[in-house]
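Here the structure is laid out as structure tokens; the discussion comes afterwards.
Values in this text are rule-based calculations from the coordinates and carry no lab data. Since we're looking at a predicted model, the values are computed, not measured. No Cβ is skipped: glycine too gets one built from the backbone with ideal geometry, and neighbour counts run over all protein chains shown.
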Amino acid sequence: MRLSELERGRKARIVCLELEQTIVKRLMALGVIPGSPIEWIGSGPLKDPQIYRVRGCQFALRFEEAQRIRVEEMREGLCARLR
């Protein structure tokens, strides 16, 4: 699924960044790397920009950038069952 498809309050794990190298470097500096959990916080008017949280850091992405980040949705309660 694409990051732009994530519903508010749901968490996902980043799978792949399909963006230009300069944008990938900027996002990686914020902790947006494959394997990291990410949460959609909200958006501005007309879905732009999108606000996300990764490792306690909130940042904004253009909707078109969020469409180019692949994620897999995290299921709640899975860790609790493993303990």
Ignoring GluC sites (Glu not before Pro) buried by more than 16 other Cβ within 10 Å or outside DSSP loops, the longest site-free run in the chain is 21-75
1/(1 + (r/R0)^6) with r = Cβ-Cβ of Met1 and Gln58, R0 = 22 Å, i.e. FRET efficiency to nearest 0.05, evaluates to 0.55
Expected max-MSF residue from Ala29, Ala66, Ala12 in the GNM of the chain (alpha carbon, under 10 Å) is Ala29
Net charge (Lys, Arg +1; Asp, Glu -1) of residues whose beta-carbon lies under 15 Å from that of Gly56, Gly56 excluded, is +2
Per GNM of the chain with C-alpha springs under 10 angstrom, the most fluctuating residue out of Gln58, Gln21, Gln67 is Gln21
Residues meeting the amide H criterion for Ile41 (H placed from the backbone, H to H distance under 5 Å, 5 or more places apart or on another chain) are Ile51, Tyr52, Arg53
